[in-house]
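Dumping the structure here so I can ask a few things about it.
The values are calculated or read from the model by the stated rules, or taken from the named source; none is laboratory data. Given the structure is predicted, the values throughout are model-derived calculations rather than measurements. Every residue, glycine as well, gets a Cβ built from its backbone with ideal geometry; the counts of neighbours run over all protein chains shown. The area values use the complete protein model at the heavy-atom level, side chains included, leaving out ligands, DNA and RNA. Shrake-Rupley method; radii C 1.70, N 1.55, O 1.52, S 1.80 Å.
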Amino acid sequence: MKTKSKLNHVLSSKGLIDTRELTNFIGLSERQIRRLRGKGMPSLSIGRSIRFCPMDVIEWLKSHYKPQTG
């Protein structure tokens, strides 16, 4: 599934996603996501749960990391 269609699927099914869903969406491990949260990646703490807005995460990643070329 292409990234854009993945994003549309995630957004159409629900607004916020959990860490496991984010790992599947962006292809990083839970450990990597915890590290990125420590660097400021946007997330919401709801009680003991951590949730992410996929659009906010994508924009944050775009502003902090350059795509590899080649």
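Rounded to the nearest 10 Å², what accessible area does Ser63 show when all protein chains are kept and the probe is 1.4 Å?
Approximately 80 Å² for this residue.
Which loop-located trypsin sites (Lys or Arg not before Pro) does the stretch 32-70 contain, where loop means any DSSP state but H, G, I, E or B and the Cβ has at most 16 other Cβ atoms within 10 Å?
Working: sites: Arg34, Arg35, Arg37, Lys39, Arg48, Arg51, Lys62; in loops: Lys39, Arg48.
For trypsin sites (Lys or Arg not before Pro) across the stretch 32-70 that sit outside H, G, I, E and B with at most 16 neighbouring Cβ atoms in 10 Å, the list reads Lys39, Arg48.
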